[in-house]
Amino acid sequence: MRFTRHIPNALTCGNLVCGCIATWAAFAGHFAATTAFIFAAVLFDFMDGLAARLLHATSPIGKDLDSLADIVSFGFAPGAMLYRFLDVIAASVPDDRMPFAVSLLAVFTPLVIPVCSALRLAKFNNDPRQATSFIGLPVPAHAIFWASLLVSFVRMSHDTQVFNDLPTMWTLTLIVLAIAGSLLLVSELPMFSLKVKSLAWRGNERRYLLLLAAVVLTIVLPALTGISATILLYILISAYDRFTAPT
């Protein structure tokens, strides 16, 4: 049926809409809503690819549309979220407690996230090596890291004065994380795909272990920091595989 051919693109548009709402919510300072809509965008991103394969409805237009939606949902939205969070930290302390150079970095560093996300997506679309695995951190994983980390920090700031007490340290920490994460997006680090082709243990060992770790970390760690920790674990496992692989 001709109608079914449009289902994957409709789901991709759902991803784009969620990304637009997440971006608006970020600039408005609604961090919980931003996180929720980024997670919803991840779900739509998973569903559109699955629908395209099941319905045999893959197309160049669908591939391009998916990348454009991902730039908004997983590049611009987390960048806007980081920018707004750094702005909240800066606004909560007197001007003389935040060095001008740090304030300037806080304004411009979040722009690195959408730029490197766009480069990562362009690279993915034209790199035949990434048919079954990834080269560099996938943009949805990077967005999930920021969405879960920052909303956890917002909750932490309600319970403590840690950001008010050490604003420069926290700002610099987030700036370093933003630069490191963005570099991982465009790096040559091989990373195993999170897509499961079968439910068998063989061949999916790392995926199942990562899933188990995600459950444990989410239970043990406060708020959504367990999800951020899972993304870090995913990076560390991939790095370990890369540097211990026989040459």
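The values are calculated or read from the model by the stated rules, or taken from the named source; none is laboratory data. These numbers come from a predicted model, not from an experiment. Glycine also receives a Cβ, built like all others from the backbone with ideal geometry; neighbour counts cover every protein chain displayed.
Here are the numbers for the structure shown:
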item	result
Residue match in the stretch 99-106 (condition: closer than 22 Å to L184 by Cβ and under 14 Å from the mean Cα position of the chain (by Cα))	no
Cβ pairs under 8 Å, 6+ apart, first in the stretch 206-227 and over 19 Å from P140 (Cα atoms), second of a type in the set (K, R)	P222/R155; A223/R155
Single condition A118 does not satisfy, out of (1) touching a residue at least 12 places away in the same chain (Cβ under 8 Å); (2) surrounded by fewer than 15 Cβ atoms within 10 Å (Cβ to Cβ)	(2)
Qualifying residue in the stretch 29-45 (condition: surrounded by fewer than 17 Cβ atoms within 10 Å (Cβ to Cβ), in contact with a Lys or Arg (Cβ under 8 Å, 6 or more places away or on another chain) and small (G, A, S))	yes
The stretch 224-234: number of residues that are buried (at least 19 other Cβ atoms within 10 Å of the Cβ), aliphatic (A, V, I, L, M) and assigned to a helix (DSSP H, G or I)	3
Qualifying residue in the stretch 55-71 (condition: crowded, with 20+ Cβ neighbours inside 10 Å, touching a Phe, Trp or Tyr at 6+ places or on another chain (Cβ under 9 Å), among the polar types (S, T, N, Q) and at negative phi)	no
Conditions (1) under 18 Å from L149 (Cα atoms); (2) touching a residue at least 12 places away in the same chain (Cβ under 8 Å); (3) not basic (K, R); number of the one not met by H30	(2)
Options V107, V93: the member that is surrounded by fewer than 21 Cβ atoms within 10 Å (Cβ to Cβ) and assigned to a helix (DSSP H, G or I)	V107
F74 being assigned to a helix (DSSP H, G or I), modelled with pLDDT of 95 or more, under 23 Å from A28 (Cα atoms) and touching a Leu at 6+ places or on another chain (Cβ under 9 Å)	yes
Answer from V151, V196, V186 - the residue that is modelled with pLDDT under 85 and either surrounded by 15 or more Cβ atoms within 10 Å (Cβ to Cβ) or more than 16 Å from the chain's Cα centre (by Cα) (or both)	V196
Residue tally, condition closer than 18 Å to D66 by Cα, assigned to a helix (DSSP H, G or I) and touching a residue at least 24 places away in the same chain (Cβ under 8 Å), over the stretch 130-149	6
So L105, is it farther than 20 Å from L65 by Cα, free of Cβ contacts under 8 Å to residues at least 40 places away in the same chain and of a type in the set (A, V, I, L, M)	no
Matching residues in the stretch 177-194 - criterion: being without any contact (Cβ under 8 Å) to a residue 60 or more places away in the chain and in a helix (DSSP H, G or I)	L177, A180, L184
